[in-house]
1. Residues of the range 315-336 being surrounded by 16 or more Cβ atoms within 10 Å (Cβ to Cβ) and either part of a helix (DSSP H, G or I) or in contact (Cβ under 8 Å) with a residue 40 or more places away in the chain (or both), which ones?
2. Regarding Val347, is this residue of a type in the set (A, V, I, L, M, F, W, C), within 19 Å of Asp100 (Cβ to Cβ) and either surrounded by fewer than 22 Cβ atoms within 10 Å (Cβ to Cβ) or without any contact (Cβ under 8 Å) to a residue 40 or more places away in the chain (or both)?
3. For a quick check of your reading of the model, give me the residue pairs whose first member lies in the range 207-220 and is in contact (Cβ under 8 Å) with a residue 40 or more places away in the chain and crowded, with 19+ Cβ neighbours inside 10 Å, whose second is part of a loop (DSSP other than H, G, I, E, B) and β-branched (Val, Ile, Thr), with beta-carbon atoms closer than 6 Å and at least 6 apart or on different chains.
4. Mind checking which helices (runs of 4 or more DSSP H) fall wholly inside the range 1-99 and carry at least 2 residues that are farther than 23 Å from Gln123 by Cα?
5. Could you check the range 228-285 for helices (runs of 4 or more DSSP H) lying wholly inside it with 2 or more residues that are under 19 Å from the mean Cα position of the chain (by Cα) and in contact (Cβ under 8 Å) with a residue 12 or more places away in the chain?
6. Conditions: (1) surrounded by fewer than 24 Cβ atoms within 10 Å (Cβ to Cβ); (2) assigned to a loop (DSSP other than H, G, I, E, B); (3) under 17 Å from the mean Cα position of the chain (by Cα). Asp188 meets all but one. Number of the miss?
7. Would you confirm whether or not the range 73-83 contains a residue that is without any contact (Cβ under 8 Å) to a residue 12 or more places away in the chain and more than 23 Å from Gly242 (Cβ to Cβ)?
8. Return only the number of the condition from (1) more than 24 Å from Ala98 (Cα to Cα); (2) at pLDDT 90 or above; (3) surrounded by 14 or more Cβ atoms within 10 Å (Cβ to Cβ) that Val312 does not satisfy.
Amino acid sequence: MSTPVVSHDMHKLKAWLLADAQAAGFADVGITKAKHSAHTTDGLAQFLDDHYEGDMGWLRDTADRRQQPQSMWQDARTAIVLGMNYGPDHDPMGNLDARDKGNISVYARGRDYHEVIKGKLKQLAGRLAAKSGWQVKVFVDTAPLMEKPLGQSAGIGWQGKHTNLVSRTHGSWLFLGTILTDGELPYDDATSDHCGNCTNCLDICPTDAFPAPYRLDARRCISYLTIEHKGQIPTEFRAAIGNRIFGCDDCLAVCPWNKFAKAANEAKLTARMETTLPELAALLALDEAGFRAQFAGTPVRRAGYARFMRNVLVAAGNSGTPELAAAVMPHLDNDSALIRGMAVWAVKQLFLDDADAFARLKSSHGAGERDKTVLAEWG
């Protein structure tokens, strides 16, 4: 059983918590009841009814546990939601013009945020437990806890029309972490919606992934396609992906509220040289060991080598740089059908203006002996 704190001490405890969280590097903190509204649970049900989750079967498998925080911890009474700023020091939309380079989403350019935030949360939660006598549990995006709705209830921001959290002071660039506790602190007021009539995030989406405001069809989302999707990227989306090889920032980057955002000050989240617009030619030369070494400790490792190289090959095909064909062609004989198939598509795109050269290439690689996926790509 937890040891209750005397009621008049609650505001002192909250003030201490806010100061301690800020000292630990968190940009914002909000406190709310550990409970989701009917609107939130209905939204999840509608998302799954429409099969918008695609290959993310874990969303459907854990749907019951996502209904309420108590589904994971029955004693949870309060949710302390913390935001860590990861704002870029540049306009990410400018990265799209670097066609011969691989564009990695801002959030994935530094150390894996799960590790960074979870370590800080554990320390903060431990100090809170020692000070209050309460039990605590920490969550950073990997457990079936819907953190964005809790963030809105806690006053951190609101879920914008792109379904991500938007802050009036940090724009769209916030990582979220949550501490659940069996104690109670004074709650903050929920944040109201401040999107107004703006539709920038919906209009910019290259693949029309938003069937309506506040609704996302993940199956069309470039972040999903380049990270979660396990198979070949559907032909209809390949050109729209451009040079994005891991994730997409478009709907976040065009939010007008970003004018108040500042660049991240957490050193561990600083973009690494090897994740900042790496040359496609160099990425195409990576084997699996090289991939693991180059992206060690970053979220990019999550995709795995085959999916990552699939993405790089799409970017190569979109580059308009025929010189990349020499770096693409070795992948026509890769052990992975996922890579082989996308290599075929890439060389087809690079040889669009030289049909004879492509015909010779097709003949020399024995298309008749390849698997169905590669045969379909040869056309």
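1. Answer for the range 315-336, where residues must be surrounded by 16 or more Cβ atoms within 10 Å (Cβ to Cβ) and either part of a helix (DSSP H, G or I) or in contact (Cβ under 8 Å) with a residue 40 or more places away in the chain (or both): Ala315, Ala316, Gly317, Asn318, Ser319, Leu324, Ala325, Ala327, Val328, Met329, His331, Leu332.
2. yes
3. Final answer for the pair search is Leu216/Thr163.
4. So the answer is 38-49, 57-61, 63-66.
5. Counting at least 2 such residues, we get 235-241, 250-253.
6. Only one criterion in (1) surrounded by fewer than 24 Cβ atoms within 10 Å (Cβ to Cβ); (2) assigned to a loop (DSSP other than H, G, I, E, B); (3) under 17 Å from the mean Cα position of the chain (by Cα) is unmet by Asp188, namely (3).
7. yes
8. (1)
The values are calculated or read from the model by the stated rules, or taken from the named source; none is laboratory data. None of these values were measured; they are calculated from a predicted model. Here the Cβ is made from the backbone with ideal geometry for all residues, glycine too, and neighbour counts use every protein chain on show.
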